Amino acid sequence: MGRQHWKKIWVGSAGNMVEWFDWFVYASFATYFAGAFFPSGNPTAQLMNTAGIFAVGFFMRPVGGWLLGRVGDRKGRKAALTLTVTLMSASAVLIAVAPTYSVAGYGGALVLLVARLLQGLSVGGEYAASATYLTEASDPSRRGFASSFQYVSMTAGQIAGLGLQIILQRTMSDDALHSYGWRIPFIVGALGAAVVFYLRRTMLETEVYAEDTSHSAERGTLRALWRHKREAFLVIALTMGGTVAYYTYTTYLTKYLSNSAGLSKQTATLVSFTALIVFACLQPLAGALSDRVGRRPLLITFAIGSTFLTVPIMTLLKHVDGYWPALGLALLALVVVTGYTSINACVKAELFPTGIRALGVALPYAIANALFGGTAEYVALWFKKGGIESGFYWYVAACAAVSLVVYVTMRETKDLDLARVKAGEGTGAGDGESTLTTAS
């Protein structure tokens, strides 16, 4: 992989890291600001309110996927990536200055809601633009390895957020964190986004997009995507199990360890921080493995593991009494999830031709996240409030089981030539003959 390819991957990943730092900071600091925007009362109810606003951000992702996916296919991957980081910076500033319930009543919650809507728009387009960019910018024989850096950067953003949380926990009092300290990471996120905006303005377009000669008026449109409806539904189905598992063991894990297992917030944060560092390091290794053995073996391994191990892992996590047993179980879960996260970006991008690739990944993926990923935390808290918390474990396992059926029946995509995928053809699940051209 040449220097130019590494530059493209670095710039795409750096922006992705800042995007997801802001996205995850909301989740990781929710335990500190939940009481700032809603009346005092049951802590679980306050968390459910903030989780509900977190979920609303996910429901804007299909809109962002459509708008920014269209920009990515019609104006280029660079244009879409620059726009997404601009929206994310604006949302971080809004959260940083949002007034509390004691100052403006529910006005502060309204500002929080608007900020989350902007974040939803941004991330709805960011995932697809980043996945498409990283996949197209890489050597054809190393697409799995290159695209794995999407989740490296996403996880790095969360690690940065958790790392900052640990620093603030050790340097500020609990009262100070609940009062104003939770605003600091959003200020940091806004500054980081400004830096990435500059980097993305000077980034290079991918050769696959630049050399594409199809300039149909339907490029990046819903009508064009409808001709790939099988692939679009495939993206939704293969995302379902992976996104629920990912958000369960990343954004929700810290709250679960403190709110259900009874660990201190500091210990729960440290467990997540350590586990995510290992998780990030695993992504390129699994991505490189997929370039040798294919994408399907890794996806199937994830689905089997998640289907049969989720209930025992979550049950044991609820009864841990310290850092090391919690870390061991978290690592086991994240090793399983790696089978999905390391390669899902390139698998989705490999399903569509250049002229519809960004929208083809963005919209169905965003729909799946709105339905399953964004609601995972809220569903978990709903089960907990209802006194049947174990029901959530079975829900996660069931979602993985559905995706397992898809992984078993879908075609292998690792040898496809992205530049020669024909518009209106595509690939999907089933045993029929593929119309895609393989790389020579």
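Quick look at the numbers
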quantity: Residue in segment 343-354 that is out of contact with any Phe, Trp or Tyr (no Cβ under 7 Å at 6 or more places or on another chain), surrounded by fewer than 24 Cβ atoms within 10 Å (Cβ to Cβ) and assigned to a helix (DSSP H, G or I) present; calculated: no
quantity: Selection from segment 135-144 of residues that are small (G, A, S), out of contact with any Leu (no Cβ under 9 Å at 6 or more places or on another chain) and assigned to a helix (DSSP H, G or I); calculated: S141
quantity: Pair list, Cβ < 8 Å and 6+ apart or interchain, from segment 227-250 residues that are acidic (D, E) to residues that are open to solvent by less than 10 Å² (accessible area, probe 1.4 Å); calculated: E231/L351; E231/F352; E231/G360; E231/G426; E231/T427; E231/G428
quantity: Qualifying residue in segment 362-384 (condition: open to solvent by 40 Å² or more (accessible area, probe 1.4 Å), more than 19 Å from V293 (Cβ to Cβ) and over 20 Å from the mean Cα position of the chain (by Cα)); calculated: yes
quantity: Answer from E377, E350 - the residue that is at pLDDT below 95 and in contact with a strand residue (DSSP E or B) (Cβ under 6 Å, 6 or more places away or on another chain); calculated: E350
quantity: Single residue of A131, A92, A156, A115 found to be crowded, with 24+ Cβ neighbours inside 10 Å and within 17 Å of P284 (Cβ to Cβ); calculated: A131
quantity: Cross-chain or 6+ apart pairs with Cβ under 8 Å, segment 321-337 first and closer than 19 Å to F302 by Cβ and open to solvent by 10 Å² or more (accessible area, probe 1.4 Å), then hydroxyl-bearing (S, T, Y) and at pLDDT 95 or above; calculated: V336/T301; V336/S306
quantity: Hits in segment 75-115 (condition: over 23 Å from the mean Cα position of the chain (by Cα) and at positive phi); calculated: G105
quantity: Those residues of segment 320-342 which are part of a loop (DSSP other than H, G, I, E, B) and more than 18 Å from the chain's Cα centre (by Cα), in sequence order; calculated: V320, D321, G322
quantity: Long-range neighbours under 9 Å by Cβ, at least six apart or interchain, first residue assigned to a loop (DSSP other than H, G, I, E, B) within segment 197-209, second open to solvent by 30 Å² or more (accessible area, probe 1.4 Å) and not hydrophobic (A, V, I, L, M, F, W, C); calculated: M203/K7; M203/K78; L204/Q4; L204/K7; L204/K78; E205/K78; T206/K78
quantity: Those residues of segment 161-183 which are under 17 Å from T269 (Cα atoms) and open to solvent by 50 Å² or more (accessible area, probe 1.4 Å), in sequence order; calculated: I167, R170, T171, S173, D174, H178
quantity: Filter result (touching a residue at least 60 places away in the same chain (Cβ under 8 Å), open to solvent by 20 Å² or more (accessible area, probe 1.4 Å) and within 19 Å of A160 (Cβ to Cβ)) within segment 255-280; calculated: K265, Q266, L270, F273, I277
quantity: First in segment 363-390 and assigned to a helix (DSSP H, G or I), second anywhere and at pLDDT below 90 and β-branched (V, I, T), Cβ under 7 Å, 6 or more apart; calculated: E377/T251; L381/T44; K384/T44; K385/T44
quantity: Index of the failed condition, Y101 passing every other in (1) surrounded by 18 or more Cβ atoms within 10 Å (Cβ to Cβ); (2) touching a residue at least 60 places away in the same chain (Cβ under 8 Å); calculated: (1)
quantity: Subset of segment 1-15 (residues that are farther than 11 Å from L134 by Cα and either modelled with pLDDT of 75 or more or assigned to a helix (DSSP H, G or I) (or both)); calculated: R3, Q4, A14, G15
quantity: Residue ID - farthest from I304 (Cα to Cα), chosen from residues in segment 226-252 that are crowded, with 22+ Cβ neighbours inside 10 Å and aliphatic (A, V, I, L, M); calculated: A232
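Residues are listed down the side, and each one gets a yes or a no for (1) at pLDDT 95 or above; (2) under 19 Å from the mean Cα position of the chain (by Cα); (3) under 29 Å from V320 (Cβ atoms):
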site	(1), (2), (3)
V208	no, no, no
S214	no, no, no
R219	no, no, no
E231	no, no, no
Y252	no, yes, yes
F273	no, yes, yes
L282	yes, yes, yes
A286	yes, yes, yes
T301	yes, no, yes
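Every residue, every condition in (1) among the polar types (S, T, N, Q); (2) within 21 Å of V56 (Cβ to Cβ); (3) in a helix (DSSP H, G or I), yes or no:
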position	(1), (2), (3)
P99	no, yes, no
V103	no, no, yes
A109	no, yes, yes
G120	no, yes, yes
Y127	no, yes, yes
Y133	no, no, yes
A146	no, no, yes
A160	no, no, yes
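The values are calculated or read from the model by the stated rules, or taken from the named source; none is laboratory data. Because the structure is predicted, anything quoted here is derived from the model rather than measured. All Cβ positions, even for glycine, are placed from backbone atoms using ideal geometry, and neighbour counts span all protein chains on display. The accessibility values were calculated without ligands, DNA or RNA, using every heavy atom of the protein model including side chains. Shrake-Rupley method; radii C 1.70, N 1.55, O 1.52, S 1.80 Å.
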